[in-house]
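Engineer: Sending over a structure as structure tokens; questions will come in a sec.
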Amino acid sequence: MSDAPEESITRRIFVRTGIAAAGACYAAAMGYPVFQYLAAAAQKAEAESAVKEVILNDVEKLPAPSALMFKFGGHPALLIHHADKSWTALSAVCTHLGCTVEYDPHQERIACACHGGVYNPHTGGNVSGPPPKPLTLFHVVVADGKAVVSRV
Amino acid sequence: MERRWSPVFNPSNLLKAIWQWVDARLDLSPIVKHASEKQVPEHRHSSWYYWGGICLFLFVVQVLTGVLLMVYYRSGPDAYDSVREITYQIRFGWLIRSVHAWSANLMIFAVFVHMFSVFFMKAYRQPREFGWWSGLGLLGLCMVFGFSGYLLPMDELAFFATRVGLAIPETLPGMSGIISAVLRGGPEVASATLQRFFALHVVVLPALFAPLLGIHLWLVQKHGNALPPSEEAKPEAERKSVPFFPNFAMRDMAVWLIVLNVIAVLAALFPWQLDAAADPLKPAPPGIHPEWYFMSQFEALKLLGRVIPGTLGEFAGVGLFTLALLMWAAVPLFDTRTAPGQRGRNTTLFGLLVLIAVIALTVIGYIEVL
Ligand code: HEM
Ligand code: FES
């Protein structure tokens, strides 16, 4: 249609734009539910991790020095009973690349096996290795055999 | 309005260069040439040519929604709970599940329509015999897809329908041990059955279906659309056709769009239901019946059982059934082409008889259970 008048060119552009717009509507009408469907699992996990406080029972049975692993908002956390009978609760997710750290009572430190990160077991502060930030420290109150751990 | 691109960055030159690079290595131009020359006959019965494409579209819908269901479905003791979560908790889960279930039923319906239209157009005649047989294989696989998928939610309806469905072949002499050992995985429909059906539904059947579909589609490309005898009788000059690209392909897509809208409306207005969880200790609720595409076979067996009671009736029923199926498969062998346009009226009558019998038995079956 090389000799088509200008009018029909605008018409063709109009029709093409219309088809493209309708196609985009269909793609959105299918894409949106599929995205929401797939995202539901992550959203559910996020809702779970919104917890503010975790109560741990029977902590008096925890010898000193030693530590207990528990879940805080979907992530692993550490409750440490120090040799001086004091308590510390902190996130057990290494700030380097996310491995789970371990409390080492003999050397009085928290260590990450993945790349050798070392943290202070009282403050979560960095001692050595690649981790760029300290571990997140939680607030902990122990009374009547119960530990109440909450975000600072 | 003329766009000016520098000779280096002209996108159409770039596309051409990429195409030439790929074509030089994979030698694709004969395929493109074949596709661009492909013609689709146009006549009074042309609209039946859409049904194969409808089946294909619905299969793609099944694969996509099936994979999405796999994201949250858990087989095993958790199966019912996982389907309940999909249906009531996960956002749009009800929609994905409804689309999968509705489209499954539409797919089997479309395959039946496709088969009968091919039959009455006599498209199974030489050289298209393998198209007929591969199509029958695809229909068989679709029905096993449906039967196995039906159990996966493990609700009451699924549980009893599967129990009955497996009990029917079991009454045949010698079959009982085989069904139990191979299909049911025990004397009762239970977790072991579910795990097998799940493996069948998501691994074995897709693995068989995909290559068979590939062969079927390849044969269709190779042979082109068959002409019904009424068209073949016309002199060549009077026959009309349209190019496949773009004319027929555009129409195919328009039909797919309609089918997509039909599925969307059905799924949104009649979301697929979930019964109470299957409980082997509870008596069967009234109205347990097979899926509609098994109804005619079920009813035929029931009616025969009334005429010839006992195992003999079952035997006669299954025997008759096998015979009918073999005859159906052998149609291309006895209704051969002798002269162009020859109609083969006896075969057409046979087909009409089968079609009427299937519809009548299905209707009677529903009248009896409802
Ligand atoms: C690769 C392809 C497929 C996959 C991965 C797949 C996967 C699944 C899954 C995970 C379920 C359980 C969830 C549920 O029950 O809602 C299911 C159910 C089902 N499937 Fe499929 N499927 C596929 C193809 C098909 C095909 C081709 C058909 C039939 C022609 C079919 C028919 C059914 C039926 C009738 C159900 C039960 C629906 C219900 O009650 O929810 N599926 N499928
Ligand atoms: S992840 Fe812990 S040191 Fe790398």
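The values are calculated or read from the model by the stated rules, or taken from the named source; none is laboratory data. Quick caveat, the model's predicted, so the values are computed rather than measured. In this analysis, Cβ positions are derived from the backbone assuming ideal geometry, glycine residues included, and neighbour counts consider all displayed protein chains.
Engineer: Within the set of pairs 6+ apart or on separate chains, which have a first residue in segment A:41-66 that is under 30 Å from A:Pro105 (Cα atoms), a second that is surrounded by fewer than 10 Cβ atoms within 10 Å (Cβ to Cβ), and C-beta atoms under 7 Å apart?
Structural biologist: That search, which allows pairs on different chains as well, returns A:Ala64/A:Lys85.
Engineer: Going through segment A:111-133 one residue at a time, which ones are within 10 Å of ligand 2 (Cβ to nearest atom), on the phi < 0 side of the Ramachandran plot and surrounded by 14 or more Cβ atoms within 10 Å (Cβ to Cβ)?
Structural biologist: A:Ala111, A:Cys112, A:Cys114, A:Gly117, A:Val118, A:Tyr119, A:Pro130, A:Pro131
Engineer: Within segment B:67-87, restricting attention to residues that are assigned to a helix (DSSP H, G or I), within 13 Å of chain A (Cβ to nearest Cβ) and in contact (Cβ under 8 Å) with a residue 40 or more places away in the chain, which residue is surrounded by the most Cβ atoms within 10 Å (Cβ to Cβ)?
Structural biologist: My answer is B:Thr87.
Engineer: Does A:Ala64 satisfy the condition of being at pLDDT below 95, within 14 Å of chain B (Cβ to nearest Cβ) and out of contact with any Leu (no Cβ under 6 Å at 6 or more places or on another chain)?
Structural biologist: So A:Ala64 fails the test.
This table checks each residue for (1) surrounded by 12 or more Cβ atoms within 10 Å (Cβ to Cβ); (2) touching a helix residue (DSSP H, G or I) at 6+ places or on another chain (Cβ under 9 Å).
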{"residue": "A:Ile9", "(1), (2)": "yes, no"}
{"residue": "A:Ala20", "(1), (2)": "no, no"}
{"residue": "A:Ala29", "(1), (2)": "no, yes"}
{"residue": "A:Pro33", "(1), (2)": "yes, yes"}
{"residue": "A:Leu38", "(1), (2)": "yes, yes"}
{"residue": "A:Ala41", "(1), (2)": "yes, yes"}
{"residue": "A:Ala47", "(1), (2)": "no, no"}
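Engineer: Give segment B:139-153 a look and list any residue that's hydrophobic (A, V, I, L, M, F, W, C) and either within 6 Å of ligand 1 (Cβ to nearest atom) or more than 9 Å from the chain's Cα centre (by Cα) (or both), or say none.
Structural biologist: Within segment B:139-153, B:Cys142, B:Val144, B:Phe145, B:Phe147, B:Leu151, B:Leu152 meet the criteria.
Engineer: Can you confirm whether segment B:207-221 contains a residue that is within 20 Å of B:Ala101 (Cα to Cα) and surrounded by 18 or more Cβ atoms within 10 Å (Cβ to Cβ)?
Structural biologist: yes
Engineer: Could you tell me whether A:Pro76 is surrounded by fewer than 12 Cβ atoms within 10 Å (Cβ to Cβ) and either within 16 Å of ligand 2 (Cβ to nearest atom) or outside any strand (DSSP E or B) (or both)?
Structural biologist: In short, no.
Engineer: Among the numbered conditions (1) touching an Asp or Glu at 6+ places or on another chain (Cβ under 9 Å); (2) within 14 Å of chain A (Cβ to nearest Cβ), tell me where B:Arg125 comes up short.
Structural biologist: Answer for B:Arg125: the failing condition is (2).
Engineer: Would you confirm, using the coordinates I've provided, whether A:Pro121 is part of a loop (DSSP other than H, G, I, E, B) and modelled with pLDDT of 95 or more?
Structural biologist: Answer is yes for this residue.
Engineer: On the basis of being modelled with pLDDT under 95 and more than 14 Å from every other protein chain (Cβ to nearest Cβ), does B:Asn105 make the cut?
Structural biologist: Taking the combined requirement at face value, the residue does not satisfy it.
Engineer: Which residue out of B:Gly177, B:Gly185 is free of Cβ contacts under 8 Å to residues at least 12 places away in the same chain, closer than 23 Å to B:Gly310 by Cα and away from ligand 2 (no atom under 16 Å from the Cβ)?
Structural biologist: B:Gly177
Engineer: Within segment B:88-99, restricting attention to residues that are touching a residue at least 60 places away in the same chain (Cβ under 8 Å) and under 30 Å from B:Pro211 (Cα atoms), which residue is farthest from ligand 2 (Cβ to nearest atom)?
Structural biologist: Top of the filtered list is B:Ser98.
Engineer: A:Cys94 - would you say it is touching a Leu at 6+ places or on another chain (Cβ under 9 Å), within 14 Å of ligand 2 (Cβ to nearest atom) and closer than 27 Å to A:Ala47 by Cα?
Structural biologist: Spelling it out, A:Cys94 is indeed touching a Leu at 6+ places or on another chain (Cβ under 9 Å), within 14 Å of ligand 2 (Cβ to nearest atom) and closer than 27 Å to A:Ala47 by Cα.
Engineer: Six or more apart or on different chains, Cβ under 8 Å: which pairs go from a residue in segment A:84-103 that's assigned to a loop (DSSP other than H, G, I, E, B) to one that's away from ligand 1 (no atom under 16 Å from the Cβ) and polar (S, T, N, Q)? Could you list them?
Structural biologist: As it stands, the answer is A:Ala92/A:Thr100; A:Cys94/A:Thr100, since those pairs meet every condition given.
Engineer: Based on what the data block shows, is A:Ile9 more than 13 Å from chain B (Cβ to nearest Cβ) and farther than 29 Å from B:Arg91 by Cα?
Structural biologist: For A:Ile9, the condition - more than 13 Å from chain B (Cβ to nearest Cβ) and farther than 29 Å from B:Arg91 by Cα - is not met.
Engineer: Next up: For B:Cys55, only one of the following conditions fails: (1) without any contact (Cβ under 8 Å) to a residue 12 or more places away in the chain; (2) in contact with a His (Cβ under 9 Å, 6 or more places away or on another chain). What is its number?
Structural biologist: (1)
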